[in-house]
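The next block holds one structure in the form of C-alpha cells; read it before the comments.
A short reminder: the numbers here are calculations on the coordinates, not readings from a lab. Here the structure is a predicted model, which is why all the values come from computation and not from measurement. No Cβ is skipped: glycine too gets one built from the backbone with ideal geometry, and neighbour counts run over all protein chains shown.
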C-alpha cells in the first residue's frame, strides 16, 4: 500500500463521497478484501504435512534460508532434547547442522486441529534413520518422535509459530517400541477418542422453579 497514494486521493475521495450515496456493506467488504491481497486457503492435513516435509528437508541439508522462510515471527521450538529456541536461534542452529539421513524417512499419521480460522495445529509421527552433526558432535537422529506444529495464516501462506517434539519410547526399556506396536497404540487411542465423542451428553438438569 502506498501512503502517498492515500494522501493524494484524499481530496478527490471527499468530493466523491459528498456527491454520492454511502457505499453498501458488500462493496466495502470487497474493497477490503482486494486491499488485503491474496489470502492463504484453508489448510488440509496433507497440505501442512507437505510444509513439514519441506522443513525437514531444509534441516537435513542445513539450508537455513529455506527453513527460516517457513517460520513465523515470533517462533518457538522445543526440541526432543528439551532445548527451547526462538526463530533466530533456530535458524542459526539449522545453518550449522549437517545430517546423513537414509532414504525412506517418513512423516505420517497427521492429525489436524482447528484453533480458529487463522490458527491450526498439526500433529504427526516422524521416523528417521540417520545421524546429524552439530558443533562437531554427531548424534543419531531421535526416532520415532511425536511432533506438533502450530501453523498461523500469514497473508498468502502458512508459517510455523511453534514446533515441539517428544520421543516415542517404551518406558519399561527406554527404547523405541516396534513400529507395529506403536501404530496399534495410536489406533487404540484414536478409537478411545472416537468413542468418547460418540457418547451422548448427560441429560440437562431440570430448571429451577
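Suppose R0 equals 41 Å; then what is the FRET efficiency for residue 117 and residue 83 from their Cβ-Cβ distance, rounded to the nearest 0.05? Write down the numbers at each step before the final one.
Values: r = 32 Å, r/R0 = 0.77.
Rounded to the nearest 0.05, the efficiency is 0.80.
What ranking do 112, 71 get, fewest neighbouring Cβ atoms within 10 angstrom at the top?
Ascending Cβ contact count within 10 Å gives the list 112, 71.
When only Cα pairs under 8 Å and 6 or more residues apart are kept, what is the percent relative contact order across region 45-167?
Averaging sequence separation for qualifying contacts and normalising by length gives 26 percent for region 45-167.
How long, wide and thick is region 45-167, going by the Cα atoms along their three principal axes, in whole angstroms, largest first?
42, 29, 24
With the convex hull built on the Cα atoms of region 95-169, state its orientation-averaged projected area in nm².
Result: a mean projected hull area of 6.4 nm².
Please arrange 105, 151 by counting, for each residue, the other beta carbons lying within 10 Å of its beta carbon, fewest first.
Starting with the residue having the fewest Cβ neighbours, the order is 105, 151.
Could you line up 84, 172, 125 from fewest to most neighbouring Cβ atoms inside 10 Å?
172, 84, 125
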